[in-house]
Amino acid sequence: QRGIGRAPIAVLAAEDRDESRHACFAALQQRCGGRLPRLLLTSHSLSEGEATGKSSNENFAAREVYRRLVDSEGYDPFEVIVTICDADSIFSNTYLSHVEAAYTGEPDGRRLIYKGPLNVYRNFSDAGLLVQSLELARCHQDAFHSLMTVPYPYSNYSLSLGFASELGFWTPDCMPEDIHTANKAMVNSFGSRAVVTIPSVICNDLVPLVADRYQQATRHQFGSVTELAWLGALLTETRLRLPAWGAVLCAEASRAGSLPGAMLCLAGHLLNAALVVALHQNWQDLTPKATTVLSLMGASAVVQWTCFWAAELALWATLLQQFPLQAPSFVRWLLLIAVMPCASLVNSLLFFIVPTLHALYHAAFVGELAYVCAPKGEAARGLAPGLDNLSPRGTR
């Protein structure tokens, strides 16, 4: 990492049931020991009331870091920035310096969350056209989000250790730990926007296989179901005032992938289908003005599509050059441009609407959804994660 005042402390947050944790930690010590002032290992054992997954592990690790750095060594918790990342994350070499600059540049950066644009292009060529189209749209939507919507962190983000402590660290029985942490941060500030975007990327792997990606989508949407349920309980079980609760509800409802968003998307698909049928049946009866309006709508879609691809290709040619991405061939790019309009509709149904209905059914008639980590990178290709996977080309 460049541009930071001191070298970061790295923490390997492992699960106690993972028998390879000590071997991985020893490999990290051997590889990074001379470049890091401290490398810590935490081993989390699942307790009663906790859910298997990232959130309970993070909660344990963050509390252990707080105990060591604050309680034992006397650090100011608001002078310690915690960055959450997955095992397959590849940092831009300026990520931490951008976080530090944003933290010190805000009037009071202590109670904010910092995140860069979502990016899962590291193993992009492993996926088929459907998954590639899906992730292009998802990452583009996050990187170029509307200024009128609240940005949410996904998997990788930073916040002060003191703020994490005020939020009760991470909720150990919560599946969407990143979304939930952002919503708790807004509750803490009376519904105010609490996420600051920074111009630096952490690159991750995508889930390449359609079946595995559906499994991941179902897990995401189950998290959206539980998050809306938590917001309902927040209104009835706490003393949070209605304006603050309403601000958090509006932010969650406008978030890409939320349960209200899925219902609106389904309604939109039904209305569009009805409109297509009506136009087909009454095309000969359309007035010139109606035809002009339809032509303008089509031209607007073409302009949006052109801007989308211009922005994506610019990203791949500039900012993303720092990462060891598996870039598609020229022919593959042409195929993506050709099929993405149809693929977007299929993806909306296959990876958004259907998983949401699946998650609702599961929540209503089955119960808790077990946290299953969909295979990414080397794991998806059937390669066992090993010590070589500590390098950027093979993180998992």
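The values are calculated or read from the model by the stated rules, or taken from the named source; none is laboratory data. Keep in mind the model is a prediction, meaning the values are calculated, not measured. For neighbour counting, all protein chains shown are included, and Cβ atoms are generated from backbone atoms with ideal geometry for every residue, glycine included. Calculation scope for accessible area: heavy atoms of the full protein, side chains included, ligands and nucleic acids excluded. Shrake-Rupley method; radii C 1.70, N 1.55, O 1.52, S 1.80 Å.
Ordering of 298-310, 196-208, 136-148, 221-233 by packing is 196-208, 221-233, 136-148, 298-310, highest average first (other Cβ atoms within 10 Å, averaged per residue). A simple rule links phi to the HN-Hα coupling: the Karplus curve 6.51 cos²θ - 1.76 cosθ + 1.60 with θ = phi - 60°, which for segment 164-175 gives 4, 5, 5, 7, x, 6, 9, 6, x, 10, 10, 7 Hz, with x for Gly and Pro.
If every alpha-carbon in segment 43-187 counts as one equal scatterer, what log10 I(q)/I(0) does Debye give at q = 0.12, 0.20, 0.21 1/Å? Debye curve over Cα of segment 43-187, log10 I(q)/I(0) at q = 0.12, 0.20, 0.21 Å⁻¹: -0.56, -1.37, -1.45. In terms of its Cα atoms, segment 154-243 spans 45, 31, 23 Å along the principal axes, sorted from long to short.
Protein heavy-atom accessible surface, 1.4 Å probe, per residue over segment 1-91: 57 Å².
Between segment 23-54 and segment 262-316, what is the separation of their alpha carbon centroids in Å? What the calculation gives is 50 Å, centre to centre. Against the main long axis of the alpha-carbon atoms of the chain, helix 177-188 sits at an angle near 80°. Under a 5 Å amide H cut-off, with hydrogens placed 1.01 Å from N, Leu40 pairs with Ala10, Val11, Leu12 among residues at least 5 apart or on other chains. As a fraction of the 1.4 Å probe accessible area of the chain, surface on carbon and sulfur atoms comes out at 62 percent.
Accessible surface for segment 92-131, divided over its residues, is 35 Å² per residue with a 1.4 Å probe.
Fraction of C-alpha pairs exceeding 17 angstrom in segment 253-372: 74 percent, rounded to a whole number. Seen from all directions on average, segment 1-110 presents a Cα convex hull projection of 8.2 nm².
Highest-first packing order for the peptide set 315-322, 284-291, 268-275, 61-68 is 61-68, 315-322, 268-275, 284-291, based on the mean count of other beta carbon atoms within 10 Å. Only DSSP H runs of four or more residues enter the estimate; each adds -39500 (n - 2.57), and after division by the residues of the chain the mean residue ellipticity at 222 nm equals -16500 deg cm²/dmol. Peptides 89-101, 105-117 ranked from most to least packed by the mean count of surrounding Cβ atoms within 10 Å: 89-101, 105-117. Close amide-amide hydrogen proximity is noted between Tyr121 and Asn204, each under 5 Å apart and 5 or more residues distant or on a separate chain (H modeled in the peptide plane; Pro and chain starts excluded).
Residues of segment 202-334: accessible area per residue at 1.4 Å, in Å²? Result: 57 Å² of accessible area for each residue. A straight Cα-to-Cα reach below 30 Å connects Lys115 with the lysines Lys54, Lys184, Lys376, residues fewer than 8 places away in its own chain not being considered. Could you give the angle, 0 to 90 degrees to the nearest 10, between helix 54-66's Cα long axis and the longest principal axis of the Cα atoms of the chain? Value to nearest ten degrees: 30. When every Cα-Cα distance of the chain is counted in 10 angstrom steps from zero, the calculated P(r) takes the values 4, 20, 32, 26, 12, 4, 1, 0 percent. DSSP beta bridges confined to the chain are antiparallel in about 50 percent of cases.
Compute the helix-to-body angle for 129-143: its Cα long axis versus the longest principal axis of the chain, expressed 0 to 90° and rounded to tens. Taking the Cα atoms of the chain, the angle to 129-143 is about 70 degrees.
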